[in-house]
1. Kindly list the number of the only condition in (1) modelled with pLDDT of 95 or more; (2) more than 15 Å from the chain's Cα centre (by Cα) that fails for Val61.
2. I'm trying to understand the selection: among the residues of the stretch 19-73, which are in contact with a helix residue (DSSP H, G or I) (Cβ under 9 Å, 6 or more places away or on another chain), part of a loop (DSSP other than H, G, I, E, B) and more than 24 Å from Arg86 (Cα to Cα)?
3. Could you look through the stretch 99-115, keep only residues that are free of Cβ contacts under 8 Å to residues at least 24 places away in the same chain and not small (Gly, Ala, Ser), and pick out the one that is nearest to Gly3 (Cα to Cα)?
4. Show the residue pairs that are 6+ apart or on different chains and have beta-carbon atoms under 6 Å apart, the first residue being within the stretch 116-139 and over 17 Å from Arg8 (Cβ atoms), the second being open to solvent by 20 Å² or more (accessible area, probe 1.4 Å) and part of a helix (DSSP H, G or I).
5. In the stretch 18-25, is there at least one residue being closer than 22 Å to Val113 by Cβ and open to solvent by less than 20 Å² (accessible area, probe 1.4 Å)?
6. Can we say Arg78 is modelled with pLDDT of 95 or more and either crowded, with 22+ Cβ neighbours inside 10 Å or closer than 22 Å to Gln138 by Cα (or both)?
7. Go through the stretch 229-242 residue by residue and tally those that are at negative phi and in contact with a helix residue (DSSP H, G or I) (Cβ under 9 Å, 6 or more places away or on another chain).
8. Being small (Gly, Ala, Ser) and either over 12 Å from Gly162 (Cβ atoms) or open to solvent by 20 Å² or more (accessible area, probe 1.4 Å) (or both) is the filter here, so list the residues in the stretch 221-239 that pass it.
Amino acid sequence: MTGLERHRRDWETLAETDPLWAVLTDPARKGGRWEPDEFLATGERELAEVLAAAEGLGLPVLGAAFLDFGCGAGRITRAAATRFERCVGVDIAEGMVEAARELSADRSGCEYVVNDRPDLRLFDDDAFDFAYSSVVLQHQPSAELALGYLRELVRVVRPGGGLVFQLPRGSAPLHRLQLSRRLYGLTRRAGVSAEWLIRRTPLTPMRMISVPEGEVLGTLGAVGAETLRVDAEDRYYVRVSPRSSR
């Protein structure tokens, strides 16, 4: 099993067990205690904050098409539908996509697709005015895969369009050991159910990676993207250059 296949399997398990908590891991909401309306409201607030900052940097915050990479249960995709005509959420887990479709059933302009590839070939070049990714790249199996997705996100955003993503620039030594994930794997192999572990213990199959800022900036610059700002939340605000400059 490849790293990406294992990653997909882990997120299918999370989607089946506790999808809203898997997206926003508030300890007080673990075990199915997120109220859907409250969960969706966090997407409205987060996107409003991000787009206000993006607008201040001269990035487009209205348009024909918006991409939510790693959409989870669709809280950001749904929020974007008040500003963009077509909002596409993409996720590696079919269970997350199903949850997103259910939660967005009352809002037009949202569509959700599964992508279990290490690229975004299902989308054409320059297909979106704006792309966003929140607490997703940090869970990828490797930094190389995360950076590959960044190159793809630049490719699918039109010239002059905006890309905002969150990716930690560093992590504490203890976090790099990923003890929670390691202990989760050991207890699963011992026969303990995934549902019990995820709902009843601090253990989780989620990975956590970080990528130094210099590597991220170098990757973006190599494909002709201009980084305008990196904020305290490790969010990168990026303008995509004309294709001839990439």
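The values are calculated or read from the model by the stated rules, or taken from the named source; none is laboratory data. This is a predicted model, so every value here is computed, not measured. When we count neighbours, we look across all protein chains shown, and the Cβ atoms used for this are built from the backbone with ideal geometry, even at glycine. Accessible surface is based on the protein model in full, side chains and every heavy atom, while ligands, DNA and RNA are left aside. Shrake-Rupley method; radii C 1.70, N 1.55, O 1.52, S 1.80 Å.
1. The one condition Val61 does not meet is (1).
2. Leu24, Lys30, Gly31, Gly32, Arg33, Trp34, Glu35, listed by residue number.
3. Start the filter on the stretch 99-115 by keeping residues that are free of Cβ contacts under 8 Å to residues at least 24 places away in the same chain, which leaves 102, 105-106.
Those still in the list that are not small (Gly, Ala, Ser) too: 102, 106.
Values: Glu102: 29, Asp106: 36 Å.
If we take residues in the stretch 99-115 being free of Cβ contacts under 8 Å to residues at least 24 places away in the same chain and not small (Gly, Ala, Ser), then Glu102 is nearest to Gly3 (Cα to Cα).
4. Cβ pairs passing all conditions: Asp125/Arg155.
5. Yes, the conditions are met somewhere in the stretch 18-25.
6. Numbers: modelled with pLDDT of 95 or more: yes; either crowded, with 22+ Cβ neighbours inside 10 Å or closer than 22 Å to Gln138 by Cα (or both): yes.
Against the criterion (modelled with pLDDT of 95 or more and either crowded, with 22+ Cβ neighbours inside 10 Å or closer than 22 Å to Gln138 by Cα (or both)), Arg78 qualifies.
7. Residues that pass the stated criteria total 9.
8. Of the stretch 221-239, the ones small (Gly, Ala, Ser) are 221-222, 224-225, 232.
Gly221, Ala222, Gly224, Ala232 - these are the residues of the stretch 221-239 that are small (Gly, Ala, Ser) and either over 12 Å from Gly162 (Cβ atoms) or open to solvent by 20 Å² or more (accessible area, probe 1.4 Å) (or both).
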